[in-house]
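The values are calculated or read from the model by the stated rules, or taken from the named source; none is laboratory data. Please read these numbers as outputs of a predicted model, since none were measured by experiment. Glycine also receives a Cβ, built like all others from the backbone with ideal geometry; neighbour counts cover every protein chain displayed.
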Amino acid sequence: MLELYLKGGLLMHPILACSVLMLTILIERTAYFWRIGSGTILEKFPLIERCLLEGNTSEAKKIAGALSGPIAHILQIGLVHPEEKAEIIEENMAIAGDEIARQAAKGLSLLALIPSISTLLGLLGTVIGLSLAFQKVALLENLVSPALLASGIWVALITTVAGLLVAIPSLIAHHYIQNKVSRLTFEIEHFGSRLLLLLKKHQSHTESGDEKSPLNPHYENPAFRMTTQQGNP
C-alpha cells in the first residue's frame, strides 16, 4: 500500500489530506448529533404541553429548564417571558433557531467540496502521469514496448483511484450529515411552533378572562367543585 502511495506522486499528499479532513468532520459531527439527541424532548414535551394547557407556565418553565440540547434551548427561550407578545417570543425563538442551525451545519460546506476536490486532484495526477509516460515513450523512439506503455499508464491511474476512494465516502458522509441537519431544523420548527401556539392560546384566554378555560390559571374544574360540595354538606 505504501509503495502504491509513493508511486502516485506528489498529488497523493493532498488527496490523503482530504481523506483525513473528511474523517475529522464526520467523526466530530456524528459526536455532536449523538450528544444532542432529542429523545428526552419527545418524552418531556407532553408534560410541558399539559402544564401550559392548565395555565401553569412556571411549572412548564421548570421542566424545560431541566432539559438540555438545542431544542430545549428553543423551548427555554420561549418560556422565559411567556406573558410577552407572541410576535416577540416568535422572533426570539427564530433568532436562536437560526444560530443553532448554523452551528449544526458547521463544516458541512467544506465537506461538500471534498468529493469534487479529491476527484479533480486524482484526474490531474493521472493526466500528469500520462503526459510523463508518453514523453518517455517519445524519447525511447523504436525501443517502445506495450509493457512499458502499460506500466506508465497504470501508475498514472493510481491518483484517480485514490481520488475516487476519498470522494465516494465523502459524498455519503455529506448526505448523512445533511440529513441530520435537516432533521434537527425540522424538530426545532416543529416544537417551537407547538410551543408558540400553546402560548398564544394561553395569552388569548388570559386576556379574555375566560374562567371556563383550562388555560386560565384560576380555572376551577366543575367536577372537582361538585365533589368538594358533596364532601362538605
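Considering only residues that are buried (at least 19 other Cβ atoms within 10 Å of the Cβ) and either within 13 Å of residue 191 (Cβ to Cβ) or of a type in the set (Asp, Glu) (or both), which ones fall in the stretch 39-59?
Passing the criteria: 41, 45, 48, 52.
Please determine, by comparing only the residues of the stretch 170-189 that are of a type in the set (D, E, K, R) and more than 8 Å from the chain's Cα centre (by Cα), which one is surrounded by the most Cβ atoms within 10 Å (Cβ to Cβ).
Here the answer is 187.
Take residue 162 and tell me if it is at pLDDT 90 or above, in contact with a Phe, Trp or Tyr (Cβ under 9 Å, 6 or more places away or on another chain) and under 21 Å from residue 3 (Cα atoms).
yes
Can you say whether residue 72 is hydrophobic (A, V, I, L, M, F, W, C), modelled with pLDDT of 90 or more and either under 28 Å from residue 173 (Cα atoms) or surrounded by fewer than 19 Cβ atoms within 10 Å (Cβ to Cβ) (or both), as far as the supplied structure shows?
When the stated conditions are applied, residue 72 does not pass them.
Is it the case that residue 153 is part of a helix (DSSP H, G or I), at pLDDT 95 or above, of a type outside the set (Phe, Trp, Tyr) and on the phi < 0 side of the Ramachandran plot?
For residue 153, the condition - part of a helix (DSSP H, G or I), at pLDDT 95 or above, of a type outside the set (Phe, Trp, Tyr) and on the phi < 0 side of the Ramachandran plot - is not met.
Considering the stretch 60-72 alone, what residues qualify as being closer than 18 Å to residue 186 by Cβ and among the β-branched types (Val, Ile, Thr)?
The one that is closer than 18 Å to residue 186 by Cβ and among the β-branched types (Val, Ile, Thr): 71.
Could you list, in sequence order, the residues of the stretch 99-123 that are of a type in the set (D, E, K, R) and surrounded by 16 or more Cβ atoms within 10 Å (Cβ to Cβ)?
none
From the residues in the stretch 17-29 that are surrounded by 14 or more Cβ atoms within 10 Å (Cβ to Cβ) and in contact (Cβ under 8 Å) with a residue 60 or more places away in the chain, which one is nearest to residue 165 (Cα to Cα)?
Ranking the candidates gives 19 first.
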